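Colleague: Got a structure for you, written out below as structure tokens; questions coming shortly.
The values are calculated or read from the model by the stated rules, or taken from the named source; none is laboratory data. The shown structure was predicted, so the numbers you read here are calculated from the model rather than taken from an experiment. With ideal geometry, Cβ positions are generated from the backbone for all residues, glycine too; neighbour counts draw on all protein chains shown. Surface areas here come from the heavy atoms of the whole protein model, side chains and all, with no ligands, DNA or RNA. Shrake-Rupley method; radii C 1.70, N 1.55, O 1.52, S 1.80 Å.
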Amino acid sequence: MSKVKVLVLTGFGLNCDNETAYSFDKAGAKSERVHINSLINGDVNLSDFQILVFGGGFSWGDDHGAGVIQAVRLKTHIGEAIISFIEKGNLVIGICNGFQCIVNLGLLPGLDNDYKTRSVALTFNDIGNFRNDWVNLKVNPNSNSVFTKGIDQIELPVRHGEGKFYCDDSTLNRLIQNNQVVLQYATSDGASAEGKFPHNPNGSLNDIAGICDPTGRIFGLMPHPEAYNHLTNHPNWTLKREMIKRGEKQSQFLGIKLFENAVNFFKE
Amino acid sequence: MTHRIEITLKNNLFDAEGQGICKKAKNYFGITLDKVRVISVVTIDKNLSIEQLKTIQNHVFTNPVTQISSFEPIDIPFDWIIWIGYRPGVRDNPGSTAMEAISDILGVKFAKDESVYTSKRYCIEGKSLQFSDLSKIATELLANDIINQWKIYSKNDWNKNIGIGYIIPKVRLNHTPTVTLIPIEEESSLEKISKDRNLYLNPNDIPTIRNYFLRKEVMEGRNSVGLSDPTDIELEYISQARSDHCNHNTFRALFRYRESKDSEIEIVDNLFRTYIESPTLEIKAKKSWIVSVLWDNGGVGKFDDNNYYVITGETHNSPSNIEAYGGSITGIVGVYRDPMGTGKGSKLVMGGYGFCVGHRDYKGELKPKLHPRRLLDGLIEGVRDGGNKSGIPTCFGQVIFHPGYMGKCLVFVTAVGIMPSKVAGEPSELKKTSPEEVVVMCGGRIGKDGIHGATASSDIFSENTPAGHVQIGDPYTQKKMHDFILEARDKGLIEFITDNGAGGLSSSVGETARFSNGCEIWLEKVPLKYEGLDQWEIWVSESQERMTISVKKENIETFLKLSQKHEVESTIIGKYVNSGKLHITYNGKTCAYVDMDFLKSGFPQWEFDAVWQTPEERGLYEPVISEPKNYELLLLDILSSPNISSKEWITRQYDHEVQGGSVIKPLSGVYRDVYSDAAVIRPVLESNKGLVFAQSLIPIYSLIDAYHMTAATIDEAVRRIISVGGSFEHIAGVDNFCWPSISFDPKENPDGKFKAAQLVRSCRALADICLSYEIPLLSGKDSMYVDGHIPGKYGETHKISALPTIQFSAIGVTSDIEKCQSMESKFPEDLIYILGVTRNELGASEYYMNLGYTGINVPKVFPDSFKKLYKALETAINNEWVASSHGIYRGGLLVHLAFVSMAGNLGIDVDLNLVPCDSDYRDDTILFSESCGRFIITIAPEFKDKFEKLFNGLPYSFIGSVTKNPDFIVSGKDGKTIISLPVSELRSAWKKPFGDLI
């Protein structure tokens, strides 16, 4: 069977494309970094791929709301192609700036099969600043999300200034009811962060760190799974190594596990 | 027709920016603001239909979930309103991206005189606020008069229908570009013009310049192209090239050095050649991993067979001192262009920073332009936006507080890149320009930015004159250019690449044309931000985000097409030739015609008298202090002193993990909150090799002797590298000197000869230590004139000179990142060892400084004995016998034991009788001496024998154990417990000064 093909967007200030492509390759896919303009001008065809990745970075400098201008550019030029890509049963993941972008495109939350309307937002962190730290994430076992299958908890880094998840109450209730809330910030022992900084690093409503659409095939999250592509990425890896040396068991998922799930989705 | 749209968060959403302003107003000035709501204002200077406006309002400028917007002023409750916008000509990054988005969604183009401007309106609520409060907040918190304009409205001033009106900070110069001839009949006339035009020609250079233009063959040549007297553009070119900044005249000067005032004169001819170049070349001959040094924008070392790393360091002090944010963002974004312009171009993989400022809570009578607190905030934010938005991890940094930096702050920025060893089959580190290749300017456009540095005075501002000398880096534009350049490089389209930094095109074209031996530049082709620049201004402008690239004729079409794909502006501005001339025309008319070799010939060397006064001659001595009785309080106080305490709030604002290769992060430990010795990254994701990087900065030792300051600084950087698992065999350095003026003047600089002697001594230490440790200096930078004249209480000014400062950056390669080690203690019962000898070296220590003394026993470096220890530690870490490894740096043994313990959140129990010392010392000497060459190591008990055998014959000792109980216990020489504190108490003391900052 030929490898699952992954398109990772690049250009215009996006900056996690190399490690994202690397992580997908490590997960068994064949990834290609594609400049946004190459997709728009038709040099590269979206229909040749199975997974579309909106990665991290500062597209257009994030000057008018994170991910906004990227969404405008894509919607204006290839909005329909993206919709038909989704309709074919393919996967989409938006990470950090990519999450912000697909929320602005309206691909998420995808309520009532509407993939065009903005109904949730990622806005400025309550702390009023950019923050880079690791967080612990609790995974909703009942969510449809293809990406998080078999994971109960995962530690990942966050690196953003605009990651506070926000929407109105009725939307939030529907997301919860539909099990579209996939990832929530938690304390180190796995309890809910309950909005408390620094466990919830940005003041997200309901500790939300990632959501999916009702089908589970479109997934967006603020933390960076591609930045946990090697055991040495973990902030306490030297301690974990020491524990293993002295006979203590350590189990952990690398962020790549999310990508492996995505690749395996096409093999089932 | 002008349109204005106002956007703000919905009323029920928390306004974090507004809240931040309330907090700062309270903390900085004690002004209580009840509430601040921020409105973003986008002013569009272009005719658009109502329908078009609706489209951009709904799709670009308003998030329906979180925001509301209006073409009328948004009505929000307020007692006062402050509006802040840019001055004309200041880089408005959000304005440019708004134009991109509008063009895109509407399918329209912006004409030359059409634009978008962004500004902010702050709606402020507060009881009994006075105009003076608002004025303070506007001028000292929100705006900087150099780049911003502002307005303050009371309730009565505000017209809710008109709002702020339509403010268009457009540059209108109404000026026809003119080349001016400079008469040279007399040397004095040239001197006068140099002064009038801020050319800063050195008076000693003037005869050389004048004689050149009077030479017969030169005059004939000039006549043949229609020129006679030198033009302003030619003199600007010469002035730029001869500036200390570009030509390093100070470091290339002749020094008459005396060891004391009656000693014989020793001549040091050229510090650079003697103490930097020649040691580095000597080391290069021994080390095959040194690829390229001393000529390019950065130095190049070997990472592995297929990849080279590139490193360079810069400072950006003067601009940052005036406009902290703009200065530091321009500094970091600027230094990132150096590796991009090294060899055929490298990909940026890591950045570092160092800030030296006055005390954050300074309450004295001096009134610097920016209070250190505000200055530091701006510096932090500039590096944050510059680094984060470039997608380059900021992996290491330091902050030093000292009153000497009140005159001028220091901003060090370091950049590391990586490039393939071969590009299109050719060695990537080599490049040259050849005749008939085209000169391409790539990236941003040219305005009056940065012309003549930060020297222009602010009184030239009017409503439509550009705020010329201020630059604001634009990481977005540069990131696009970076991606483009790498793709062009890999396609083999680049023959030569260099950045446009100081001196702009004048430097970049001037230097690249030396390879082909000449160029023809067509200045009218250069893309401008606005019309009306004189030819010389285009030539020397320091507008940012530009590279100069040489491209073969046959490749230019492909190159430009690729550039278009990345939406990066690239323009052919001339060609390289082999005429021996720098030939510039404007619309076909020659405006400069200078021999390429002119700059290399016959300019007089600078000269300095340097007279050292020994610390004894200066009256320094060891203070008379009896032994402290309360060591617990002493430890807690030192942990909460500004230079020791946690600055986690800065580190966390910096993305240090982007690119996915983070191995040792800036913060370590179970709570990820204690500083690591060094950073390690995996720059090539497929490889388990790592780059190890650290910086050190200990200027305070200059109070005693700049020689030992420099030696200790280098030794610290080396230990940082070794401590995390770097290899002693492969360490490269970058020296960044920041020195006060060394020109003696009886009135203006009475201690100039002493400062010159400090510089000579510092350079000697650099050479001595680097030769002994075999560290090549891959790159370096000298920044002189770190002095400022600061107004005092009575209308007088005070000259404040910085401490002679060197930041030393060290980089190395580790063959297996999985063997790297961090600094936190890891397991109870582990054994704690001290490596290295503690000496009576409390001079200028944190301990003495806290008690108000300097002392004289400055820490010294003994490289020959130290390096044996370092190599042994490297082996121990490689053999995986070590459970934690940490150097002992500023603050001494006690402070660093506290760090190890806090990071592991485990206790320690140690006995000072066991610490290896060269004599019998008091407890305070052992605890606070800052002797170099030392480490704290913990190991699992099972490795005791192997570890001790390895260190047999070297100075080391077991001093105690890690304990499960998180108590920090130290017994003194008399066997009694002198410290017993919970680790949590250490942590809260350490976080006391800045722990609440985010």
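Colleague: B:Gly89 passes all but one of (1) in a loop (DSSP other than H, G, I, E, B); (2) at pLDDT 95 or above; (3) within 22 Å of B:Ile168 (Cα to Cα); (4) open to solvent by less than 50 Å² (accessible area, probe 1.4 Å); which number fails?
Modeller: (2)
Colleague: Same structure again: Of the conditions (1) open to solvent by less than 90 Å² (accessible area, probe 1.4 Å); (2) modelled with pLDDT of 90 or more, B:Asn223 clears all except one; give me its number.
Modeller: All conditions are met except number (1).
Colleague: Another question, then. Report, by residue number, each residue of region A:131-163 that is within 11 Å of chain B (Cβ to nearest Cβ), open to solvent by less than 20 Å² (accessible area, probe 1.4 Å) and more than 21 Å from A:Ser192 (Cβ to Cβ).
Modeller: A:Asn132, A:Arg159
Colleague: Considering only residues that are without any contact (Cβ under 8 Å) to a residue 40 or more places away in the chain and small (Gly, Ala, Ser), look in region A:239-261 and name the one that is nearest to A:Leu137 (Cα to Cα).
Modeller: Step by step, filter region A:239-261, then rank; the result is A:Ser251.
Colleague: Right, here's the next one. Only one of (1) at pLDDT below 95; (2) small (Gly, Ala, Ser); (3) open to solvent by less than 10 Å² (accessible area, probe 1.4 Å); (4) part of a loop (DSSP other than H, G, I, E, B) is not met by B:Gly726, so which one is it?
Modeller: Going through the list (1) at pLDDT below 95; (2) small (Gly, Ala, Ser); (3) open to solvent by less than 10 Å² (accessible area, probe 1.4 Å); (4) part of a loop (DSSP other than H, G, I, E, B), B:Gly726 breaks only (1).
Colleague: Scan region B:648-672 and report the pairs whose first residue is of a type in the set (Asp, Glu) and modelled with pLDDT of 95 or more and whose second residue is assigned to a helix (DSSP H, G or I) and open to solvent by 10 Å² or more (accessible area, probe 1.4 Å), with Cβ atoms within less than 9 Å and a gap of 6+ or a chain change.
Modeller: If the second residue must be assigned to a helix (DSSP H, G or I) and open to solvent by 10 Å² or more (accessible area, probe 1.4 Å), the pairs left are B:Asp655/B:Arg384.
Colleague: Sticking with this one: So if I check each of B:Gly345, B:Gly352, B:Gly334, which one is closer than 27 Å to A:Glu19 by Cβ and assigned to a helix (DSSP H, G or I)?
Modeller: B:Gly334
Colleague: I'd like to verify a number: residues in region A:26-45 that are touching a residue at least 12 places away in the same chain (Cβ under 8 Å), open to solvent by 10 Å² or more (accessible area, probe 1.4 Å) and more than 8 Å from chain B (Cβ to nearest Cβ), how many?
Modeller: 10
This table checks each residue for (1) touching a Phe, Trp or Tyr at 6+ places or on another chain (Cβ under 8 Å); (2) touching a residue at least 12 places away in the same chain (Cβ under 8 Å).
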{"site": "B:Lys525", "(1), (2)": "no, yes"}
{"site": "B:Lys561", "(1), (2)": "no, no"}
{"site": "B:Thr590", "(1), (2)": "no, yes"}
{"site": "B:Val594", "(1), (2)": "yes, yes"}
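Colleague: Could you tell me which of the residues A:Gly98, A:Gly110 is touching a residue at least 40 places away in the same chain (Cβ under 8 Å), out of contact with any helix residue (DSSP H, G or I) (no Cβ under 8 Å at 6 or more places or on another chain), on the phi > 0 side of the Ramachandran plot and away from chain B (no Cβ under 11 Å)?
Modeller: When all the criteria are applied, what remains is A:Gly110.
Colleague: Here's a follow-up. Checking B:Gly473 against (1) of a type outside the set (Asp, Glu); (2) more than 14 Å from every other protein chain (Cβ to nearest Cβ); (3) closer than 30 Å to B:Glu114 by Cα; (4) assigned to a loop (DSSP other than H, G, I, E, B), only one condition comes out false. Which one?
Modeller: (2)
Colleague: Inspect all residues belonging to region B:632-647 and state whether any of them is open to solvent by 10 Å² or more (accessible area, probe 1.4 Å) and facing another protein chain (nearest Cβ under 8 Å).
Modeller: no
Colleague: Related question: Out of all the residues in region B:107-120, is one or more closer than 30 Å to B:Glu569 by Cα, surrounded by fewer than 20 Cβ atoms within 10 Å (Cβ to Cβ) and aliphatic (A, V, I, L, M)?
Modeller: Checked region B:107-120: at least one residue is closer than 30 Å to B:Glu569 by Cα, surrounded by fewer than 20 Cβ atoms within 10 Å (Cβ to Cβ) and aliphatic (A, V, I, L, M).
Colleague: List every residue pair whose Cβ atoms sit under 9 Å apart, with the two residues 6 or more apart in sequence or on different chains, where the first one lies in region B:976-998 and is within 30 Å of B:Leu914 (Cα to Cα) and the second, anywhere, is open to solvent by 50 Å² or more (accessible area, probe 1.4 Å) and in a helix (DSSP H, G or I).
Modeller: B:Ile978/B:Glu632; B:Ile979/B:Glu632; B:Ser980/B:Glu632; B:Leu981/B:Glu632; B:Glu985/B:Glu632; B:Ala989/B:Asp637
Colleague: Across region A:198-242, which residue is farthest from A:Gly106 (Cα to Cα) among those that are within 8 Å of chain B (Cβ to nearest Cβ) and open to solvent by 30 Å² or more (accessible area, probe 1.4 Å)?
Modeller: A:Arg241
Colleague: What is the number of the single condition among (1) more than 14 Å from chain A (Cβ to nearest Cβ); (2) closer than 26 Å to B:Arg652 by Cβ; (3) open to solvent by 10 Å² or more (accessible area, probe 1.4 Å) that B:Asp996 does not meet?
Modeller: So the condition that B:Asp996 fails would be (1).
Colleague: Cβ-Cβ below 7 Å, separation at least six or inter-chain, first residue in region B:341-358 and open to solvent by 10 Å² or more (accessible area, probe 1.4 Å), second part of a loop (DSSP other than H, G, I, E, B): which pairs?
Modeller: From region B:341-358, the pairs are B:Lys344/B:Ser428; B:Lys344/B:Lys431; B:Lys344/B:Ile494.
Colleague: Pick from B:Val895, B:Val882, B:Val858: which is at pLDDT 95 or above, open to solvent by less than 10 Å² (accessible area, probe 1.4 Å), closer than 20 Å to B:Gly669 by Cβ and under 31 Å from the mean Cα position of the chain (by Cα)?
Modeller: Within the list B:Val895, B:Val882, B:Val858, the selection yields B:Val895.
Colleague: Grab the strands (runs of 3 or more DSSP E) fully contained in region B:741-832, keeping just those with 1 or more residues being touching a residue at least 24 places away in the same chain (Cβ under 8 Å), open to solvent by 10 Å² or more (accessible area, probe 1.4 Å) and out of contact with any Lys or Arg (no Cβ under 8 Å at 6 or more places or on another chain).
Modeller: Once the strands (runs of 3 or more DSSP E) in region B:741-832 are filtered for at least 1 residues that are touching a residue at least 24 places away in the same chain (Cβ under 8 Å), open to solvent by 10 Å² or more (accessible area, probe 1.4 Å) and out of contact with any Lys or Arg (no Cβ under 8 Å at 6 or more places or on another chain), what remains is B:777-783, B:797-801.
Colleague: Can you pull out every residue in region B:548-565 that is closer than 16 Å to B:Gln478 by Cα and open to solvent by 10 Å² or more (accessible area, probe 1.4 Å)?
Modeller: B:Leu562, B:Gln564, B:Lys565 - these are the residues of region B:548-565 that are closer than 16 Å to B:Gln478 by Cα and open to solvent by 10 Å² or more (accessible area, probe 1.4 Å).
Colleague: For the subset of region B:394-425 comprising residues that are touching a Ser or Thr at 6+ places or on another chain (Cβ under 7 Å), open to solvent by less than 10 Å² (accessible area, probe 1.4 Å) and within 17 Å of B:Asp338 (Cβ to Cβ), which member is farthest from the other protein chains (Cβ to nearest Cβ)?
Modeller: Top of the filtered list is B:Phe412.
Colleague: What is the number of the single condition among (1) open to solvent by 50 Å² or more (accessible area, probe 1.4 Å); (2) aromatic (Phe, Trp, Tyr); (3) in a helix (DSSP H, G or I) that B:Tyr275 does not meet?
Modeller: Result: B:Tyr275 passes all but (1).
Colleague: I'd like the full set of residues that are open to solvent by 10 Å² or more (accessible area, probe 1.4 Å) and either within 13 Å of chain B (Cβ to nearest Cβ) or touching an Asp or Glu at 6+ places or on another chain (Cβ under 6 Å) (or both), limited to region A:113-130.
Modeller: Hits for region A:113-130 are A:Lys116, A:Thr117, A:Arg118, A:Ser119, A:Leu122, A:Thr123, A:Phe124, A:Asp126, A:Ile127, A:Gly128, A:Asn129, A:Phe130.
Colleague: Residue by residue through region A:11-22, note down the ones that are within 7 Å of another protein chain (Cβ to nearest Cβ) and hydroxyl-bearing (Ser, Thr, Tyr).
Modeller: A:Tyr22
Colleague: Pick from region A:164-177 the residues that are in contact (Cβ under 8 Å) with a residue 60 or more places away in the chain and more than 12 Å from chain B (Cβ to nearest Cβ): which of them is least open to solvent (accessible area, probe 1.4 Å)?
Modeller: A:Leu175
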